[in-house]
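Q: Have a look at this one.
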Amino acid sequence: MGAGAPHGAGGRVRDTGGLRASLAGLTTRGRSFLAAGAAAAVCAYVLGQSQLLRVGLLLVVLPLLCVLALHLTRHRVTGSRLLTPLRVPAGGEARVRLRLENVSRMPTGLLMLQDRVPYVLGPRPRFVLDRVEAGGRREVSYRVRSDLRGRYPLGPLQLRLTDPFGLVELTRSFSSYDTLTVVPRTQPLPPVRMTGEAGGYGDGSRRSLALSGEDDVIPRGYRRGDDLRRVHWRSTARYGELMVRREEQPQRSKATVLLDTRDLAYEGAGPDSAFEWAVSAAASTLLHVLEQGFSARLLTDTGDSVPGDGAGGFSSGGQESAEAAGLMMDTLAIVGHSAGEGLSGAYEALRGGPGLGSPGGDGLLIAFFGDLDDVQTEMAARMRQRSAGAVAFVLDSAAWTGEPSRVEERLRRLRDAGWTALAVPPGAAFGELWRQAGSAPLGTGTSGGRG
């Protein structure tokens with residue numbers, strides 16, 4: 001067996017299984033030749049027919065010669081797989097390039113290349129290569145596509161070697177895998193103004209000024225490129241290293257996207273289900289608020305937070321925002337239903353978070369709820385007290401399955417608590433709902449549109 005190769009790098013396949021392993025590669029045709037040859041030889045001995053003996057020997061020797069030829073050739077082949085891109089939205093395509101190189105001094109015979117892919121990505125790709133000369137290289141490609149989000153392994157790559165007569169077939173495998181991540185579909189959202197944002201719609205225009213005055217200044221260590229005129233000499237003498245005054249620091253608006261994943265809160269399954277709509281809408285919201293300069297986090301009903309490495313689980317700016325967006329999309333690619341029955345985990349996480357953990361905080365809460373009973377509606381209503389602004393999109397799973405709607409009473413209770421609450425009917429266009437949420441007065445909402 002050959003050693004595996006990482007993404008974009010080569011691994012080698014070498015026939016090192018020994019002659020016994022090569023004999024085990026006899027096909028049905030090859031075994032039939034051996035059986036027929038042995039039977040002919042026995043009959044020739046019993047009947048005393050020398051001509052029949054020659055035929056029997058030919059039928060026995062031919063498959064053995066093919067085994068020996070494949071064994072002695074010792075194909076040494078390197079292979080690589082290049083997957084682009086590594087992350088695609090549901091319904092998008094990724095391209096897989098396979099490269100095969102013969103690094104031995106002898107040409108190969110007929111080769112069949114096969115890559116293992118999950119059935120949801122399409123049929124298993126197979127390629128036939130007639131002959132690869134010594135030092136030669138061949139490249140083939142195929143495309144994969146999935147309407148279902150998730151993480152899908154590609155590989156291992158398999159190489160099948162055959163002789164011209166089809167009597168022997170040897171299969172060798174690489175051990176490397178690549179992983180295709182299919183994230184939820186997202187859509188661009190209009191830049192509306194939501195209650196609870198800092199001035200400038202998340203552009204960081206609200207500033208927290210460093211304390212002024214020689215006694216109250218908050219210094220930091222000198223960094224290369226700092227203006228020497230900002231050196232704070234008293235702190236430098238105290239700490240024994242160059243210290244500079246802090247400049248005023250932007251206070252980034254915070255946004256929490258809450259996704260209700262409770263299994264009992266949704267009915268139906270598949271790409272067009274209410275739960276998949278909620279996951280896609282949450283992904284669109286996260287990308288939007290990050291693009292608008294927010295520090296964002298993804299929170300589920302269990303209280304789990306993504307990315308979870310900053311203060312309160314919020315992402316920071318710059319490069320970290322891009323990394324946080326990738327991490328959140330990867331999480332949403334595999335998020336499933338939780339077994340929980342309530343929203344207490346999310347409530348506790350919001351109560352303990354900075355910005356959202358105190359009345360008057362500048363955090364924006366955007367929630368995607370499934371079905372809510374009286375207890376969970378009351379729990380969601382109390383979440384509003386922990387944020388400066390809150391928008392709720394409530395999916396009435398009954399309506400999505402064709403049953404009478406039962407969401408209006410829940411919406412009324414949320415609006416009374418200060419939420420901007422909107423119902424999500426089947427086929428609703430999230431971009432239009434987002435626009436309605438931005439234009440609705442505090443504590444109101446509409447039933448949503450269809451798209």
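Throughout, read-outs are computed from the coordinates displayed, never taken from laboratory work. Note that the structure is a prediction, hence the values are computed from the model and not measured. Cβ placement follows ideal geometry from the backbone for every residue including glycine, while neighbour counts extend to all protein chains displayed.
Q: Given the range 52-135, report the % of alpha carbon pairs whose separation exceeds 20 Å.
A: 55 percent
Q: From the phi angles alone, apply the Karplus equation (6.51, -1.76, 1.60; θ = phi - 60°) to the range 369-379 and give each ³J(HN,Hα) in whole Hz, x where the residue is Gly or Pro.
A: Going residue by residue, I get 9, x, 4, 10, 8, 4, 5, 6, 5, 5, 4 Hz, with x marking Gly and Pro.
Q: Return the long-range amide H neighbours of L364 (sequence gap of 5 or more, or a different chain), with a cut-off of under 5 Å between placed amide H atoms.
A: K254, A255, T256
Q: Enumerate the calculated ³J(HN,Hα) couplings along the range 58-66 in order (Karplus 6.51 cos²θ - 1.76 cosθ + 1.60, θ = phi - 60°), each rounded to whole Hz, writing x wherever the residue is Gly or Pro.
A: 4, 5, 7, 6, 4, x, 5, 5, 5
Q: Can you order the peptides 34-42, 219-227, 161-169 by their average number of other Cβ atoms within 10 Å per residue, highest first?
A: 161-169, 34-42, 219-227
Q: Ok, one more. Quick check: residue separation of T179 and A339 times 0.36 nm, minus the Cα distance between them. What number comes out in nm?
A: So the extension gain works out to 54.9 nm.
Q: Provide the net charge surrounding L82, with neighbours chosen by a C-beta distance below 9 Å and charges set as Lys +1, Arg +1, Asp -1, Glu -1.
A: Net of charged neighbours comes to +3.
Q: Under a Cβ-Cβ cut-off of 15 Å, what is the net charge of the residues other than W419 that fall near it, where Lys and Arg count +1 and Asp and Glu count -1?
A: Result for the local shell: +2.
Q: Can you give the FRET efficiency for R145 and S50, using 1/(1 + (r/R0)^6), R0 = 45 Å, r = Cβ-Cβ distance, to the nearest 0.05?
A: 0.10
Q: Could you go through the range 259-268 in sequence order and give the Karplus-derived ³J(HN,Hα) for each residue, using 6.51 cos²θ - 1.76 cosθ + 1.60 with θ = phi - 60°, rounded to whole Hz, and x for Gly and Pro?
A: With the stated coefficients, the range 259-268 comes to 10, 7, 10, 4, 5, 6, 8, 9, 10, x Hz.
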